[in-house]
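First comes the structure, then the notes that go with it.
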Amino acid sequence: MLSGTHAIVTGGGTGIGLAIARALANQGAQVTITGRRLEVLQEVATPGLHPLAMDVTEEAQVTEGIAQAVEARGPVQICVPNAGIAEGRSVPKSDTEFWRRVMATNLDGAFWTIRESLSSMLGTDWGRVVAVSSIAGLRGLKGASAYTASKHGLIGLIRGLSEDYMGKPFTFNALCPGYVDTPIVTRNVEAISSRAGVSEDKAREMMVSQNRHQRLIAPEEVAQAALWLCGPGSESVNGQCIEIAGGQV
Ligand code: NDP
């Protein structure tokens, strides 16, 4: 289905990004997977998954990294800005350094990744941008205002882009997962446990209980939604946010 296409998945060495990268590669795409830790990317590399070390908070690294990937594998036709950090802090406890770090990773990084990918994508006759936002991109997430703001911002970027290219063969959509079983959730379980003074089991239970199926979502479930947006039959879906959240409210 995706043979001959080149995809970029930021944060593609772990969690949701890795599941999306594998799903795209299984359909024949050549996928550039990026992250700061080259060794993590190399561990999961296959003939269809190509590691590229790139810190999305550094504009020059994104510009140069994507140029290298385009040189090696052709125009980017599928762009998945997925790299993100999810650290919860109340606003009074959020210093400017923290705020900037969240915005730089979740919003600036996605903006640079999309902009640099588009410069090759727009010269082709088909392209898909599938951003990984969050349920926190649609609603407030208690104790995580910076994260919530960054994920709302990402959806704004996607909606704006979808208007810019409406009617052209390029679509821009966002995925909005609830709690997915990845390293971010493991780190949050540890953080909630120490902040709230509860056991890690209890902290995990607090997350699970928000999903009405009473479980964490598998990264592969999110990947299936990404695959659908990149496959035939979803051309009319543009500027949308797809919740994969087990009814979390
Ligand atoms: P992971 O921690 O597994 O994934 C985050 C990825 O982002 C890692 O591969 C990490 O690689 C990369 N990354 C982080 N900072 C940077 C940076 N500065 N430059 C480049 N890459 C970076 O967790 P998830 O898979 O869960 O997270 C993926 C996305 O899904 C995130 O945007 C997150 O907000 C979103 N999400 C997750 C949910 C969940 O419950 N798990 C729910 C809703 C949304 P490295 O450290 O090597 O740089």
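Given the alpha-carbon gyration tensor of the stretch 116-249, what are the semi-axes of its equivalent ellipsoid in whole angstrom, ordered largest first, with each equal to the square root of 5 times an eigenvalue? It would help to have the intermediate numbers written out before the result.
Values: eigenvalues 208, 46, 28 Å².
Computed over the stretch 116-249, the values are 32, 15, 12 Å.
Say a paramagnetic label sat at a point 7 Å from the Cα of LEU141, along Cα to Cβ; which residues of the stretch 1-21 have their backbone N under 20 Å from it?
Correct set: 10-21.
In nm, to one decimal, how far is the modelled label at GLU97 from the one at SER236, with both set 7 Å along Cα→Cβ?
5.2
Neighbour counts of other C-beta atoms within 10 Å: give me MET166, MET103 arranged from fewest to most. Please report the intermediate quantities before stating the final value.
Numbers: MET166 12, MET103 17.
The fewest-first ordering by Cβ neighbours comes to MET166, MET103.
Within a 10 angstrom radius of the beta carbon, how do GLU220, GLU43 rank from fewest other beta carbons to most?
Details: GLU220 16, GLU43 11.
The fewest-first ordering by Cβ neighbours comes to GLU43, GLU220.
By count of other Cβ within 10 Å, fewest leading, how are TYR179, TYR165 ordered?
On the way: TYR179 24, TYR165 18.
Lowest count first: TYR165, TYR179.
Once the mean 1/r over all distinct Cα pairs of the chain is inverted, what Kirkwood radius in angstroms do you read off?
On the way: mean 1/r = 0.0553 Å⁻¹.
Hydrodynamic radius (Kirkwood, Cα pairs) of the chain is 18.1 Å.
What aspartates and glutamates does LYS168 reach when the alpha-carbon gap must be under 15 Å and sequence neighbours fewer than 8 apart in one chain are set aside?
The qualifying aspartates and glutamates are ASP125, GLU235.
Can you list the lysines whose alpha carbon is less than 24 Å from that of LYS151, not counting same-chain residues fewer than 8 positions off?
The qualifying lysines are LYS93, LYS142.
Only the coordinates and a few stated rules stand behind these numbers; no lab work does. Quick caveat: nothing in here was measured; it's all calculated off a predicted structure. FYI the Cβ positions are ideal-geometry reconstructions off the backbone, even for glycines, and counts take in every protein chain you see.
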